[in-house]
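Scroll down for the structure; my scribbles are underneath it.
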Amino acid sequence: MSLTDNCGRPLLNLRISITQRCNNRCVYCHREGEVLRANRSSEKMTVQEIVRFAKIAVELGIARIKLTGGEPLMRKDLPKIVSGITLIEGLRDLSLTTNGLLLLGMAEDLHKRGLKRVNISLPTLNTDTYHRLTGGNLQDALSGVKAAIKAGFCPVKLNMVILKDVNVSDVPAMIEYAAQNRVILQLIELDPINVGDDYYATHHRSLDEQERLLREKAVSVEQRPYMHNRLIYHLPNVTVEAVHPIENSDFCMHCTRMRITSDGKLKPCLMRNDNLTDILTPMRRGADDEELKSLFIQSNMLREPYNKSA
Ligand code: SAM
């Protein structure tokens with residue numbers, strides 16, 4: 001039985017940011033809506049604390065957990081976090097979002113420990129554009145994609161944030177690459193948070209045109225009610241998902257997500273930082289599971305759609 005909020009939305013997904021450190025510097029990064037801390041060199045939450053939060057969440061009916069950051073693979077103890085979470089009874093799905101740069105050396109071990117799905121950020125297949133956007137090396141990211149496929153992750157999803165005048169023309173090549181490698185492509189509309197008004201005004205582009213083209217080519221179109229009602233386009237040889245949050249009340253009405261920030265705060269909405277609930281401090285003061293559960297329940301009641309229907 002899952003929790004529901006004041007709008008009747010079930011709470012089914014938890015996104016845990018396990019670090020603010022990152023080995024890329026993506027110019028478009030929303031940083032999971034977090035404010036950057038001055039000292040990011042060490043992690044705020046221990047393995048045991050993360051696993052305990054996950055266990056409490058699962059006991060409250062949140063059966064799907066995603067690890068994010070920062071770059072989760074920057075944490076040397078990530079394998080222990082994965083092992084700890086996958087052992088939780090009742091967990092249905094643990095996944096991870098990564099830039100893939102360090103996956104080559106870690107994919108097999110993480111998969112053996114029970115991580116079954118990964119999303120890999122890949123905004124382009126152009127070496128120069130990739131470097132300009134992320135500061136990183138495209139070949140390392142592509143090696144990460146290959147390593148994820150070889151290790152048996154299923155599905156592997158490529159996350160492509162769409163940026164006007166930067167990578168829109170790369171979409172056909174990305175679709176082709178996804179088809180050749182039998183992975184799913186996820187087109188993501190740029191979110192404004194932490195991006196800067198000028199950057200957003202210059203580079204935000206709605207997915208309408210891409211979705212029109214996808215609809216023309218699709219053999220079927222699926223809708224995921226528990227994933228922001230997002231549309232999934234099944235083309236003859238590849239699947240493409242569209243994540244379309246901006247001014248989209250339908251997206252918000254179908255949000256089933258809670259976040260935990262890298263410093264241990266429950267965060268009901270990516271777009272807001274005025275309704276966080278500190279759960280790490282009470283845990284460190286010795287709060288028992290019932291007390292921590294009640295903080296989750298209170299925070300769930302602070303969830304509300306960011307974009308409301310008129
Ligand atoms: N470093 C990891 C990565 O690259 O996946 C995890 C952190 S990153 C913030 C998590 C996801 O957010 C990535 O899939 C990325 O594409 C997406 N993302 C980052 N900035 C975004 C923005 N401004 N709008 C929409 N999605 C964004």
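The values are calculated or read from the model by the stated rules, or taken from the named source; none is laboratory data. In this text, all values refer to a predicted model and were calculated from it rather than measured experimentally. Note that each Cβ is placed from the backbone with ideal geometry, even for glycine, and that neighbours are counted across all protein chains shown. Side chains are part of the model used for accessible areas, which takes the heavy atoms of the whole protein and leaves out ligands, DNA and RNA. Shrake-Rupley method; radii C 1.70, N 1.55, O 1.52, S 1.80 Å.
Observations on the model:
- Within the stretch 276-303, the set of residues being under 21 Å from K66 (Cα atoms) and either at pLDDT below 95 or among the polar types (S, T, N, Q) (or both) comprises T277, S299, N300.
- Filtered by the rule that a residue be of a type in the set (G, A, S) and over 17 Å from the mean Cα position of the chain (by Cα), the stretch 85-118 gives G90, G105, A107, G114.
- Neighbours by Cβ (under 8 Å, 6+ apart or cross-chain): first from the stretch 98-121, open to solvent by 10 Å² or more (accessible area, probe 1.4 Å); second within 15 Å of the ligand (Cβ to nearest atom) and basic (K, R): R117/K157
- Scoring T281 on the criteria (1) of a type in the set (S, T, N, Q); (2) under 25 Å from T46 (Cβ atoms); (3) assigned to a strand (DSSP E or B) leaves a single failure, condition (3).
- Checking each residue in the stretch 208-227 for being of a type in the set (K, R) and either under 16 Å from E176 (Cα atoms) or touching a helix residue (DSSP H, G or I) at 6+ places or on another chain (Cβ under 7 Å) (or both) picks out only K217.
- Condition broken by D140, with the remaining ones in (1) over 19 Å from the mean Cα position of the chain (by Cα); (2) more than 15 Å from the ligand (Cβ to nearest atom) satisfied: (2)
- Helices (runs of 4 or more DSSP H) completely within the stretch 155-256 that count 1 or more residues being closer than 24 Å to A141 by Cβ and among the aromatic types (F, W, Y): 171-181, 197-203
- Considered as a group, the residues in the stretch 154-175 that are under 18 Å from T134 (Cα atoms) and in contact (Cβ under 8 Å) with a residue 60 or more places away in the chain include one that is farthest from the ligand (Cβ to nearest atom), and that residue is L163.
- Residue within the stretch 291-309 that is part of a loop (DSSP other than H, G, I, E, B), under 17 Å from the mean Cα position of the chain (by Cα) and closer than 22 Å to D208 by Cα present: no
- For R257, the conditions (1) open to solvent by 60 Å² or more (accessible area, probe 1.4 Å); (2) out of contact with any Pro (no Cβ under 8 Å at 6 or more places or on another chain) are fulfilled apart from (1).
- Within the stretch 257-278, the set of residues being in contact (Cβ under 8 Å) with a residue 24 or more places away in the chain, in contact with a strand residue (DSSP E or B) (Cβ under 9 Å, 6 or more places away or on another chain) and in a loop (DSSP other than H, G, I, E, B) comprises T261, S262, D263, G264, P268, C269, L270, N273, N275.
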